[in-house]
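Heads up: the structure comes next, in C-alpha cells.
The values are calculated or read from the model by the stated rules, or taken from the named source; none is laboratory data. Remember, it's a predicted structure, so these values are computed and weren't measured experimentally. Methodologically, a virtual Cβ is constructed for each residue, glycine included, from the backbone with ideal geometry; neighbour enumeration extends over all protein chains shown.
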C-alpha cells in the first residue's frame, strides 16, 4: 500500500495542478488581465515584492530560526513560487482589487515558470536536473491549462460555465487527496516537525510576506490589500511539483504542506477582518 501511494503521488500532484490552472483560466478574460497591468509602477513593485523581497524574507527566517536543511529548502522553494490560485479568492473576501489580483496572478504565473527553475539552479548548483524538461512540464501543466480555460471562456462561454464548477471541485478533491496521501506516507515525519521550528518559521514567513506586500501595494487600500494577500499566499501546486521532481527528502515537501496550511489558517481569517472593516 505504501509503495502504491508513493507511485501515485506524482500523478495526484499533476492532476491537482492542471485542474487548478484550468479552473483559474475559466474565470479570466484577456481584458481582465491587461487592464490592471497598465499601472507600470504598481506592476514593477509587485514583481519586486514577489521575486526579491519575499524570497529574502524566507532566507532571513532560515538564518534566524534553526531548521534542518530540507526544511530550509522547502520554505525557500515555496517563497519563490509566486502566483497563488487562492490569491484572488482571498482578495475578493477582503474587498480588495479583484481585477488587479487576477491580472497579477496571470503575470506571476508567467514569470514563475521561467524564474523559479533558473533561480533554483543558481541557489543550489549541486542539484542536477534537466532544465528544459522541467520548463516544458511547467508550461504544459500551468500555462497551457490556464490558456485553454481562457480560450473556452472567451469563445465558448456556455462550456466554460459548465466546466468551471467541475474543475473547481476536481482541484479541491485532489488537493485534499494530495494532503491525505502525503500525511499517510509521512505521518511520522510530520509529528517530528513539532518542536523543529518549522511551524514558527512558516507562520513568520506568511505574516512578514503579507506585511511587505501590503506596504508596497501603492497608495490605494484596495491594491495594498491585494498585494498583501498575493504575497502572503504562494503557489503550493508548483512548489509540490518541483519538490517531488527534484528533491528526494520528504521533509522538503512536508515544509511546503505545513506552510500551505499556515497561510490558509492565517490569511483566510485576515481576509474576513478586512472585509468587516470595509463594510463598516
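What to note about this one:
- Qualifying residue in region 70-88 (condition: touching a residue at least 40 places away in the same chain (Cβ under 8 Å), more than 23 Å from residue 240 (Cα to Cα), assigned to a helix (DSSP H, G or I) and in contact with a helix residue (DSSP H, G or I) (Cβ under 6 Å, 6 or more places away or on another chain)): no
- Filter result (crowded, with 23+ Cβ neighbours inside 10 Å, modelled with pLDDT of 85 or more and under 24 Å from residue 218 (Cβ atoms)) within region 20-54: 46, 49, 50, 54
- Residues of region 15-38 satisfying the condition of being closer than 15 Å to residue 85 by Cβ and either without any contact (Cβ under 8 Å) to a residue 60 or more places away in the chain or out of contact with any helix residue (DSSP H, G or I) (no Cβ under 6 Å at 6 or more places or on another chain) (or both): 27
- Of the listed requirements (1) over 22 Å from residue 99 (Cα atoms); (2) buried (at least 24 other Cβ atoms within 10 Å of the Cβ); (3) without any contact (Cβ under 8 Å) to a residue 60 or more places away in the chain, residue 265 misses just one: (2).
- Checked against (1) farther than 20 Å from residue 104 by Cα; (2) not in a loop (DSSP other than H, G, I, E, B), residue 238 meets all criteria but (1).
- The set of residues in region 39-63 being under 20 Å from residue 259 (Cβ atoms) and in contact (Cβ under 8 Å) with a residue 12 or more places away in the chain consists of 49, 50, 51, 53, 54, 55, 57, 58, 59, 61, 62.
- Complete set of residues in region 219-235 that are in contact with a helix residue (DSSP H, G or I) (Cβ under 8 Å, 6 or more places away or on another chain) and outside any helix (DSSP H, G or I): 233, 234, 235
- Among the residues of region 180-200, the ones that are at pLDDT below 80 and surrounded by 15 or more Cβ atoms within 10 Å (Cβ to Cβ) come to 6 in all.
- Test result for residue 246, buried (at least 17 other Cβ atoms within 10 Å of the Cβ) and either over 29 Å from residue 45 (Cβ atoms) or at pLDDT below 80 (or both): yes
- From the list 211, 159, the one residue that fits, being in contact with a helix residue (DSSP H, G or I) (Cβ under 6 Å, 6 or more places away or on another chain), assigned to a helix (DSSP H, G or I) and either surrounded by fewer than 14 Cβ atoms within 10 Å (Cβ to Cβ) or without any contact (Cβ under 8 Å) to a residue 24 or more places away in the chain (or both), is 159.
- Residue within region 121-139 that is closer than 24 Å to residue 22 by Cα and buried (at least 19 other Cβ atoms within 10 Å of the Cβ) present: yes
- For residue 175: the one exception among (1) without any contact (Cβ under 8 Å) to a residue 40 or more places away in the chain; (2) buried (at least 16 other Cβ atoms within 10 Å of the Cβ): (1)
- Residue 206 surrounded by fewer than 17 Cβ atoms within 10 Å (Cβ to Cβ), within 22 Å of the chain's Cα centre (by Cα) and either free of Cβ contacts under 8 Å to residues at least 12 places away in the same chain or assigned to a helix (DSSP H, G or I) (or both): no
- Residue within region 107-116 that is more than 16 Å from the chain's Cα centre (by Cα), surrounded by 19 or more Cβ atoms within 10 Å (Cβ to Cβ), under 28 Å from residue 272 (Cα atoms) and at pLDDT 85 or above present: no
- Residue check, residue 254 over 15 Å from residue 82 (Cα atoms), assigned to a helix (DSSP H, G or I) and without any contact (Cβ under 8 Å) to a residue 12 or more places away in the chain: no
- Residue that is surrounded by the fewest Cβ atoms within 10 Å (Cβ to Cβ), among those in region 145-156 that are under 20 Å from the mean Cα position of the chain (by Cα) and modelled with pLDDT under 90: 147
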